Amino acid sequence: MEHIRRYQAELTAWRRDFHAHLEAGFEEHRTSALVAERLAAWGIEVHRGIGGTGVVGVLRSGRGNLAVGLRADTDALEMPEANDFPYRSTIPGKMHGCGHDGHTTMLLGAARYLAETKNFDGIVHFIFQPAEEGQGGAQAMVADGLFERFPCDSVYGLHNQPGMAVGHYGIRAGAMMAGCGFFDLDIHGRGGHGARPESTVNPVVCGAAVVSAFQSIVARNVAPNDTAVVSVTGFTAGTAYNVIPERVSLRGTVRAFRTGTMQLVEERMRALATSIASGFGATAELAFREVTVPVVNGAAQTALIADAAAAMVGEAHVDRQRIPAMGSEDFSYMLAERPGAYILVGNGTGEAGGCEVHNPRYDLNDAAIPYGAGILAAVVEKELPRG
Ligand SMILES: [Zn+2]
Ligand SMILES: [Zn+2]
């Protein structure tokens, strides 16, 4: 980390440049070009256009054939920024609101360190992934042959964590972040005059009953020692005071740590919606789609990266039993292909880094960059020791 700290001024400047000149999912052309240019300058072999705007750098040292993948996400969010510092977003309605500008910079810092020191024996694949924010960037890279073209024996990723002090890490073996599903539910009734309910089937009343019934799924169908979330977040119905509409549309999200639980929730939603609708004389159609699978950390890789973190900052600053989060992350699709681990890196507390991600006042804490770069580099030296 002391070596990486020498680059701190430069890394901070790059991070702020990414922050100001951000790009949303699958539009990361400038970001990818800068990443590619820097990797090449350090003698790293560069491959572009993997899964759209993805970039992979390949660095070899020694004769070993074991390979480690290190992944960072590069995209910004479609949300306005409320900060007014000099490097705030230059693009209205878009913001690096999740710190992926920092993750990109951290992986660049690790790449530079590893290219300079080469204190490992094997192959490192630096994976710069586009479109993490719900647009399928990880799946796109995997589908584009990421692990066939760049075989990895293990993969590692990280995310900054507001509310956790800089220099602290959090991780757990097994399920670390939930899988995510989105649903749309259409209920068709029979429209008519608001004053003549007897000649209609009001889909608003039916929809309200369905929303209430959905609240029983987590309470009554999911086992108490398992976890899930069912949130109805949208309910679109008629537009006039005196017209009972033909149909209503509901939407929302489901989170769960196990694929089986996600399937159970979907089955219960479909059964409740169709049977309640039929009781009301209406019909219901549920469309359910997987957005991400759960992030599941391998036990060996979790121990390895936690040990590497403890060697840098001390055991007291590494939470190895981090409580799993109901949020989701598409690195899960890489972890589904290869063993690996995903670690949280403290972004700070209070004024210095404590603002939640996806908040218009969020900013990545530059003081956290060496801890992110350092842990990625340390994993390589531990996975691929020399001699
Ligand atoms: Zn995010
Ligand atoms: Zn993020």
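The values are calculated or read from the model by the stated rules, or taken from the named source; none is laboratory data. Quick caveat: nothing in here was measured; it's all calculated off a predicted structure. Neighbour counts run over all protein chains shown; Cβ positions are idealised from the backbone, glycine included. Protein only, heavy atoms only, side chains kept; ligands, DNA and RNA dropped before computing areas. Shrake-Rupley method; radii C 1.70, N 1.55, O 1.52, S 1.80 Å.
Within the stretch 35-91, the only residue that satisfies the criterion of being in a strand (DSSP E or B), among the acidic types (Asp, Glu) and either outside the structural domain of Ala373 (by TED's automatic domain parsing) or open to solvent by 60 Å² or more (accessible area, probe 1.4 Å) (or both) is Glu45. The sole residue among Glu351, Glu356 that is closer than 28 Å to Val291 by Cβ, among the charged types (D, E, K, R), in the same structural domain as His159 (by TED's automatic domain parsing) and open to solvent by 10 Å² or more (accessible area, probe 1.4 Å) is Glu356.
Within the stretch 302-312, the set of residues being in contact (Cβ under 8 Å) with a residue 12 or more places away in the chain and open to solvent by less than 30 Å² (accessible area, probe 1.4 Å) comprises Thr302, Ile305, Ala306, Ala308, Ala309. Selection of first residues in the stretch 82-99 that are free of Cβ contacts under 8 Å to residues at least 24 places away in the same chain and of second residues that are within 16 Å of ligand 2 (Cβ to nearest atom) and open to solvent by 40 Å² or more (accessible area, probe 1.4 Å), restricted to Cβ pairs under 7 Å at least 6 apart or on distinct chains, gives the following pairs, ordered by first then second residue: Gly93/Glu78.
Every condition in (1) open to solvent by less than 10 Å² (accessible area, probe 1.4 Å); (2) of a type in the set (Asp, Glu); (3) more than 16 Å from ligand 2 (Cβ to nearest atom) holds for Glu148 except the one numbered (1). Restrict the check to the stretch 142-156 and report whether at least one residue is touching a residue at least 60 places away in the same chain (Cβ under 8 Å) and out of contact with any strand residue (DSSP E or B) (no Cβ under 9 Å at 6 or more places or on another chain). Yes, that holds for at least one residue. In the stretch 90-108, the residue that is farthest from Gly340 (Cα to Cα) out of those that are in contact with a helix residue (DSSP H, G or I) (Cβ under 8 Å, 6 or more places away or on another chain) and more than 16 Å from ligand 2 (Cβ to nearest atom) is Thr90.
For the stretch 126-144, residues that are open to solvent by 10 Å² or more (accessible area, probe 1.4 Å) and more than 16 Å from the chain's Cα centre (by Cα) total 2. When each of Ala111, Ala175 is tested for being away from ligand 2 (no atom under 16 Å from the Cβ) and either open to solvent by 40 Å² or more (accessible area, probe 1.4 Å) or outside any helix (DSSP H, G or I) (or both), the lone residue that passes is Ala175.
In this entry, Gly327 is excluded by the filter for residues that are touching a residue at least 60 places away in the same chain (Cβ under 8 Å), farther than 19 Å from Leu107 by Cα and over 16 Å from the mean Cα position of the chain (by Cα). Going through (1) more than 16 Å from ligand 2 (Cβ to nearest atom); (2) more than 22 Å from Leu108 (Cβ to Cβ); (3) in a strand (DSSP E or B); (4) open to solvent by less than 50 Å² (accessible area, probe 1.4 Å) one by one, Val155 falls short only on (2). On inspection, Ile127 passes the criterion of being assigned by TED's automatic domain parsing to the domain that holds Gln301, more than 12 Å from ligand 2 (Cβ to nearest atom) and in a strand (DSSP E or B). The single condition from (1) within 24 Å of Ile4 (Cβ to Cβ); (2) open to solvent by 40 Å² or more (accessible area, probe 1.4 Å); (3) in contact with a Pro (Cβ under 7 Å, 6 or more places away or on another chain) that Lys118 fails is (3). If you go through the stretch 368-387 and keep only what is in contact with a strand residue (DSSP E or B) (Cβ under 7 Å, 6 or more places away or on another chain) and open to solvent by 20 Å² or more (accessible area, probe 1.4 Å), you end up with Tyr371, Glu383.
If you go through the stretch 139-163 and keep only what is on the phi < 0 side of the Ramachandran plot and within 16 Å of ligand 1 (Cβ to nearest atom), you end up with Gly157, Leu158, His159, Asn160, Gln161, Pro162.
Here is a yes/no grid of residues against (1) among the charged types (D, E, K, R); (2) in contact with a strand residue (DSSP E or B) (Cβ under 9 Å, 6 or more places away or on another chain); (3) within 13 Å of ligand 1 (Cβ to nearest atom):
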{"position": "Gly62", "(1), (2), (3)": "no, yes, no"}
{"position": "Ala76", "(1), (2), (3)": "no, yes, yes"}
{"position": "Asp84", "(1), (2), (3)": "yes, no, no"}
{"position": "Cys98", "(1), (2), (3)": "no, yes, yes"}
{"position": "Ala111", "(1), (2), (3)": "no, yes, no"}
{"position": "Ala131", "(1), (2), (3)": "no, yes, yes"}
{"position": "Gly137", "(1), (2), (3)": "no, yes, yes"}
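Within the stretch 206-235, residues that are closer than 10 Å to Leu250 by Cα and not assigned by TED's automatic domain parsing to the domain that holds Met326 reach partners that are hydroxyl-bearing (Ser, Thr, Tyr) and surrounded by 12 or more Cβ atoms within 10 Å (Cβ to Cβ) with beta carbons closer than 7 Å, at six or more positions or on different chains, in the pairs Thr233/Thr253.
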